[in-house]
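Structure, as structure tokens:
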Amino acid sequence: MQHVINKGKGIESIKDLKGKTITTLAFQDTTFFALLGMLASQGLSKNDVNAQAVGPVNVWKMFVAGEADAMASVPDWTYLALQMRPEWDIEIIPSDTHFR
């Protein structure tokens, strides 16, 4: 799992996600639990962000449409986002850089 952020929206790190919209597959999925772990490693909780469970297609579609500031992603969705928005300054943060 990886966390993908749009640095063009002023997000430089996981801590900067406070108050931001993040898409995830589902609230019962491993990508969401990995997101929670990444947030917790930076002193944040699910109450500090606007997490949206939007299904597998909308995770990346809402991100590339600018309706989400970040996404809890798998490599397939990250690839699609990079292809759709090559002009964006996108950063990919692997979950294991914040917790194991």
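Of note:
- Whichever residue in region 1-55 is of a type in the set (Ser, Thr, Tyr) and in contact (Cβ under 8 Å) with a residue 12 or more places away in the chain and, among such residues, is farthest from THR78 (Cα to Cα): SER41
- Taking every residue in region 56-85 that is closer than 17 Å to ILE11 by Cα and pairing it with any residue that is surrounded by 21 or more Cβ atoms within 10 Å (Cβ to Cβ) and charged (D, E, K, R), at least 6 positions away or on another chain, yields no pair with a Cβ-Cβ distance below 6 Å.
- Here GLU91, GLU67 are screened, and the one residue that is under 16 Å from ASN6 (Cβ atoms), open to solvent by 50 Å² or more (accessible area, probe 1.4 Å) and out of contact with any helix residue (DSSP H, G or I) (no Cβ under 8 Å at 6 or more places or on another chain) is GLU67.
- Within region 52-100, tally of residues that are assigned to a loop (DSSP other than H, G, I, E, B) and under 22 Å from THR30 (Cα atoms): 7
- ALA72 being of a type outside the set (D, E, K, R) and either open to solvent by less than 40 Å² (accessible area, probe 1.4 Å) or touching a Cys at 6+ places or on another chain (Cβ under 9 Å) (or both): yes
- Region 1-57, residues that are open to solvent by less than 30 Å² (accessible area, probe 1.4 Å) and over 13 Å from the mean Cα position of the chain (by Cα): LEU44, GLY55
The values are calculated or read from the model by the stated rules, or taken from the named source; none is laboratory data. This is a predicted model, so every value here is computed, not measured. Virtual Cβ from ideal backbone geometry, glycine too; neighbours counted across all protein chains shown. Side chains included, ligands, DNA and RNA excluded: accessible areas come from the protein's heavy atoms. Shrake-Rupley method; radii C 1.70, N 1.55, O 1.52, S 1.80 Å.
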